[in-house]
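Each reported figure results from applying straightforward, stated rules to the coordinates on display, with no laboratory input. In this text the structure is predicted, and so the values were computed from the model without any measurement. For neighbour counting, all protein chains shown are included, and Cβ atoms are generated from backbone atoms with ideal geometry for every residue, glycine included.
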Amino acid sequence: MTEMCFRLLYLMHVAILFLSDPGFRGALKLLEVDHHIDVVSYNLFNEEDKARLEQRVRDNVYGFILGKGCWHSPADKVMRATLNRIKSPFVKSGLFPACSSPPPADEETGQPISLAYDVIFYDKQWLASTFQHHPFAGSLVD
């Protein structure tokens, strides 16, 4: 019997935010250690990283793409403008909004931009009402 290994792509909003968030970094480490999920991160401000990321998404290297950042942050913009458009329909995407503001309306559809993602993760229970419009929004904590 072979062990199944999943690959998770995590888009760094800004390196310092990722490094200064020990809870989120710890959660990603748990996915790697306890659940054998490969977590790969990219720096969106490095053009070589960004190009490599886009190619790997086109090549279906990742089964899930996770961005962390607020609405219209670099991670959100790259996810909605590029990655969600070039990824296979079998690849799912999610956002961990690094803010408490409700998602603004999409410029084209008028719908909340959070609906561009298959799943929304949040870390405060009081944010539940902010994301009640999303069918797959959930808290990472109880």
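With the crude spin-label approximation of a point 7 Å out along Cα→Cβ, what separation in nm comes out for Lys29 versus Phe90?
Those two pseudo-labels are separated by 3.4 nm.
Taking the Cβ of His72 as the center, what net charge do the other residues with Cβ under 15 Å away carry, scoring Lys and Arg +1 and Asp and Glu -1?
-1
Give me the Kirkwood hydrodynamic radius of region 18-57, using the inverse of the mean 1/r over all pairs of distinct Cα atoms, in Å to one decimal.
Hydrodynamic radius (Kirkwood, Cα only) of region 18-57 equals 11.5 Å.
If a paramagnetic tag sat 7 Å from the Cα of Glu107 along the Cα-Cβ line, which residues of region 48-74 would have the backbone N under 16 Å from that point?
Counting only backbone N, you get 71-74.
In region 6-139, how does Rg compare with the Kirkwood Rh, expressed as the Rg/Rh ratio over alpha carbon atoms?
Dividing the radius of gyration by the Kirkwood radius yields 0.94.
If you plug each phi of region 112-128 into the Karplus form 6.51 cos²θ - 1.76 cosθ + 1.60 with θ = phi - 60°, what whole-Hz ³J(HN,Hα) values come out, in order, with x for Gly and Pro?
x, 5, 5, 6, 6, 9, 5, 8, 10, 10, 9, 10, 10, 4, 5, 7, 3
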